[in-house]
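Colleague: Following this message is one structure expressed as structure tokens.
The values are calculated or read from the model by the stated rules, or taken from the named source; none is laboratory data. Please read these numbers as outputs of a predicted model, since none were measured by experiment. All Cβ positions, even for glycine, are placed from backbone atoms using ideal geometry, and neighbour counts span all protein chains on display. Please note that ligands, DNA and RNA were not included when accessible areas were found on the heavy atoms of the full protein model with its side chains. Shrake-Rupley method; radii C 1.70, N 1.55, O 1.52, S 1.80 Å.
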Amino acid sequence: MKLKYMKFKSSMMLLIAALFTVNTFAQTAKPTPKRLAKVDGIAAVVGDQIVLESDVDRDFLMSKQQGMKVDDKCDFLNDIMLDKMLVDRAKQDTLIKVTQDEVTRQLNNQIEGWIAQAGGEKQILDYFGFRTMAEMKNETKYIVEDNIYARNKREMVVKGADATPEEVRLFFEKHQGELPDVKDEVSISHIVMFPQVSEENQQKIINQLKEIKKEIEEGASFATKAILYSEDPGSASNGGEYKKVSRGKMVKEFDAVAFNLQEGEISDPFKTDFGYHIIKLEKRRGQELDLRHILITLKPTEEEIKATNSKLDSIRVLINDGKMTFKDAALRFSDDKYTKFNSGNIMNQNSGDDRFEKIALPLPMFTAITALNEGDISQVFEDDFDNRKALRILKLNKFYPEHKINYEDDYYRIQKFAVQDKERTMLMDWVKRQVGDAYVKIGKEYQSCTFPIDWEKKNNK
């Protein structure tokens, strides 16, 4: 059987190649394009998780559009069921916690990546069949949450998987004809600066939230005010509501306020990295809260953006003149807390190394490095970073031209494929053990499939 390197990914992470290349900075959860969906039937049930017919149709059609040779839908259903088993077991695992903060951040990063690649919000909304971005985010966040659960459980299952140099060599000899060519790649560093919003502008937001709070206390609906004014993509369309919030699910500043409220009480405005909030505690159940909140984000003025642009450009000039190294500048000035201590080097979260396929970079980054040579620094450009308006400069550390994958130049890439192959085996063995005490039901349309896993335990009957 040929190596299915594409299938190492979650079925929710297949490339949306029909429209654009996936943003490699983000784990990719994907809703079903509504024009691909039919009146949904149930393809399978795994524990508490349901696989819809449209889930299978989506992955089947997307793979055909990518040019993959596909004979039937059985493999796609099997992989989605595997994902569902991971989600089902992860939600029962008390060691796995998924916070709403994590879901919101990942959701926003993914959608921003899609928009950057597709060329605008309208293209994304038209493709998936949503009327508004709020509607799309409201539906997609549940897919993102499940994807995080599945990823965390998968990491636990395959923990410790590795491949020795000899195993890598043998893997390459066996599968080299099936491995993909390496496209043009780059390694890059950056310095990020957020415009400083003045105290005066911050006070305007505080005053606005105080007025909203006053109107609610005088009888206005909190839910209506949240729909009208909140800029939280995860809750605004639902009246600002979050249910069953436990400690640690939100950022620490949010927790500190929420868990000190009495039922029915509305907080004063307070600040997090997202902006300013007010919270109303609806219901307390021990260590779980039902609440509503309104978020208004910090929006820098054009003058504040220009001031930050000028400051970052001055830093760029100092680096180019040799008066400061990029490493020192990143440490002193970058607002990206994850890279400033690492010379500004950006790591690819999907591959675990510092290489990015050039054509898959978000459009602002692709444009910024297009004319650069190795060691060059880009002009300052505006970008959305970590859900905030930011100014950035990029340094092109190294360019890797397109080539046939080979053992000498791509050892670590091949090692990753070899480890994925071993992880796949570990994962399949784990699922086979779980099937014994899990409820699994496969729809009639797929009863004739020959799966690598005895999902319905037919051989034990």
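Colleague: State all residues of region 269-294 that are part of a loop (DSSP other than H, G, I, E, B) and surrounded by 13 or more Cβ atoms within 10 Å (Cβ to Cβ); if no residue qualifies, say none. Before you say what the answer is, go through the steps one by one.
Modeller: Going through region 269-294, the residues part of a loop (DSSP other than H, G, I, E, B) turn out to be 269, 273-274, 286-287.
The answer is 269, 273, 274.
Colleague: Does region 211-223 contain at least one residue that is buried (at least 18 other Cβ atoms within 10 Å of the Cβ), part of a helix (DSSP H, G or I), β-branched (Val, Ile, Thr) and in contact with a Ser or Thr (Cβ under 8 Å, 6 or more places away or on another chain)?
Modeller: No, region 211-223 contains no residue that is buried (at least 18 other Cβ atoms within 10 Å of the Cβ), part of a helix (DSSP H, G or I), β-branched (Val, Ile, Thr) and in contact with a Ser or Thr (Cβ under 8 Å, 6 or more places away or on another chain).
Colleague: Right, something else. Report, by residue number, each residue of region 120-139 that is outside any helix (DSSP H, G or I) and either open to solvent by less than 20 Å² (accessible area, probe 1.4 Å) or in contact with a strand residue (DSSP E or B) (Cβ under 8 Å, 6 or more places away or on another chain) (or both).
Modeller: Of everything in region 120-139, those that are outside any helix (DSSP H, G or I) and either open to solvent by less than 20 Å² (accessible area, probe 1.4 Å) or in contact with a strand residue (DSSP E or B) (Cβ under 8 Å, 6 or more places away or on another chain) (or both) turn out to be 120, 130.
Colleague: Please work out which residue is modelled with the lowest pLDDT, limiting yourself to region 243-261 and to residues that are more than 21 Å from residue 138 (Cα to Cα) and either assigned by the TED database to the domain that holds residue 134 or open to solvent by 50 Å² or more (accessible area, probe 1.4 Å) (or both).
Modeller: 247
Colleague: Then there is this: Could you list, ordered by first residue, the pairs with Cβ atoms under 8 Å in which the first is in region 52-63 and at pLDDT 80 or above and the second is in a helix (DSSP H, G or I) and among the aromatic types (Phe, Trp, Tyr), at least 6 apart or interchain?
Modeller: Between residues of region 52-63 that are at pLDDT 80 or above and residues that are in a helix (DSSP H, G or I) and among the aromatic types (Phe, Trp, Tyr), the close pairs are 56/76; 59/76; 60/76.
Colleague: Do we have residue 142 as assigned to a helix (DSSP H, G or I) and open to solvent by 30 Å² or more (accessible area, probe 1.4 Å) here?
Modeller: When the stated conditions are applied, residue 142 passes them.
Colleague: Okay, moving on. Out of 234, 264, 240, 219, which single residue is farther than 30 Å from residue 368 by Cα and at pLDDT below 90? Give the steps one after another, and end with the answer.
Modeller: Working: 264 fails: at pLDDT below 90; 240 fails: at pLDDT below 90; 219 fails: at pLDDT below 90.
Unique residue meeting the criteria: 234.
Colleague: In addition: I need the full set of residues from region 345-404 which are surrounded by 14 or more Cβ atoms within 10 Å (Cβ to Cβ) and of a type in the set (Gly, Ala, Ser), in order please.
Modeller: 351, 360, 368, 378, 390
Colleague: Would you tally the residues in region 322-342 being open to solvent by less than 80 Å² (accessible area, probe 1.4 Å) and part of a loop (DSSP other than H, G, I, E, B)?
Modeller: Total satisfying the criteria: 7.
Colleague: When you go through (1) at pLDDT 95 or above; (2) part of a loop (DSSP other than H, G, I, E, B) one by one for residue 348, which number turns out not to apply?
Modeller: Unmet condition: (1).
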